[in-house]
Amino acid sequence: MSGARRGAVVLTGVGKRYDIVSAFSQHAFTVAVDPNPLAPARYAADVALSPPRIDDAGYVPFLQEAVSRYEAAAVVPLTDLDIEVLARVPQLPAFVPDPEVARATYDKFATHELLLSLGLPSPPTCLPGEEPESYPVMVKPRRGSGARSIHPAADREQKDFFVRYVDEPVMVQRLM
């Protein structure tokens, strides 16, 4: 098996993260897992695989087969989409937190509350029906990644507009 000579790692959700995959490839045999055959980062890996969708019952067995076939020592998710799924499968050598933490961190407002409950800092954050401590703020989805649908708001009028404009649950956070 060619992956055994350098150690192997399975990277999920590689997408456009070419720099991350190529950095892993300098030190390990890399298996890029992404459903998009045109995902640029697939081309920085030693092997590229197309998995079932994350919500498909075959996703975890697909990863288990990849780990076994390439003798991978680690599964590293490069997006937040499958962290909770991976956290529920202790048989996979996944670099993810416990399932409860994974669940909380998928929701940015729950993450904020978790950080505060642990005595860790978090920017002032509130839900749309509450008034923020000060402006400017960001209105952003509670779930998702890649700076999608994040809108700066200089005042209450702009904040209220973007809360209505974004078509999913949002939160309001101090503009950093």
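The values are calculated or read from the model by the stated rules, or taken from the named source; none is laboratory data. Being a predicted model, the structure only gives us computed values, none of them experimental. Here Cβ is always computed from backbone atoms with ideal geometry, including for glycine, and neighbour counts include all displayed protein chains. What goes into the accessible areas is simple: the full protein's heavy atoms, side chains included, and nothing from ligands, DNA or RNA. Shrake-Rupley method; radii C 1.70, N 1.55, O 1.52, S 1.80 Å.
Residues in the range 97-107 that are open to solvent by 20 Å² or more (accessible area, probe 1.4 Å) and either in contact with a strand residue (DSSP E or B) (Cβ under 9 Å, 6 or more places away or on another chain) or part of a loop (DSSP other than H, G, I, E, B) (or both): 97, 98. Of all residues in the range 123-147, exactly one satisfies the criterion of being within 19 Å of residue 80 (Cα to Cα) and of a type in the set (Ser, Thr, Tyr), namely 145.
Of the residues making up the range 155-176, those that are within 12 Å of residue 132 (Cα to Cα) and either open to solvent by less than 60 Å² (accessible area, probe 1.4 Å) or of a type in the set (Val, Ile, Thr) (or both) number 5. Residue 128 meets the conditions (1) assigned to a loop (DSSP other than H, G, I, E, B); (2) within 21 Å of residue 34 (Cα to Cα); (3) not β-branched (Val, Ile, Thr) in every case but one. The failed one is (2). Residues in the range 23-44 that are open to solvent by 20 Å² or more (accessible area, probe 1.4 Å) and within 14 Å of residue 76 (Cα to Cα): 23, 24, 25. Of the residues in the range 141-148, at least one is open to solvent by less than 60 Å² (accessible area, probe 1.4 Å) and outside any loop (DSSP other than H, G, I, E, B). Just to be sure before I move on: is residue 81 open to solvent by 40 Å² or more (accessible area, probe 1.4 Å), closer than 21 Å to residue 41 by Cα and either β-branched (Val, Ile, Thr) or not in a strand (DSSP E or B) (or both) in the structure I sent? Against the criterion (open to solvent by 40 Å² or more (accessible area, probe 1.4 Å), closer than 21 Å to residue 41 by Cα and either β-branched (Val, Ile, Thr) or not in a strand (DSSP E or B) (or both)), residue 81 qualifies. Taking the listed residues 72, 94, 57, 110, the one that is buried (at least 19 other Cβ atoms within 10 Å of the Cβ), hydrophobic (A, V, I, L, M, F, W, C) and either at pLDDT below 95 or over 17 Å from the mean Cα position of the chain (by Cα) (or both) is 72, with no other qualifying. Could you check, for the range 45-54, whether at least one of its residues is more than 20 Å from the chain's Cα centre (by Cα), of a type in the set (Ser, Thr, Tyr) and open to solvent by 50 Å² or more (accessible area, probe 1.4 Å)? Checked against the condition, which is being more than 20 Å from the chain's Cα centre (by Cα), of a type in the set (Ser, Thr, Tyr) and open to solvent by 50 Å² or more (accessible area, probe 1.4 Å), the range 45-54 yields no hits at all. Taking the condition touching a Ser or Thr at 6+ places or on another chain (Cβ under 6 Å) and loosely packed, with under 13 Cβ neighbours inside 10 Å, does residue 116 pass? Judged against the criteria, residue 116 is a match.
Inside the range 126-176, can you point out the residues that are of a type in the set (S, T, N, Q) and more than 20 Å from the chain's Cα centre (by Cα)? The answer is 134, 158.
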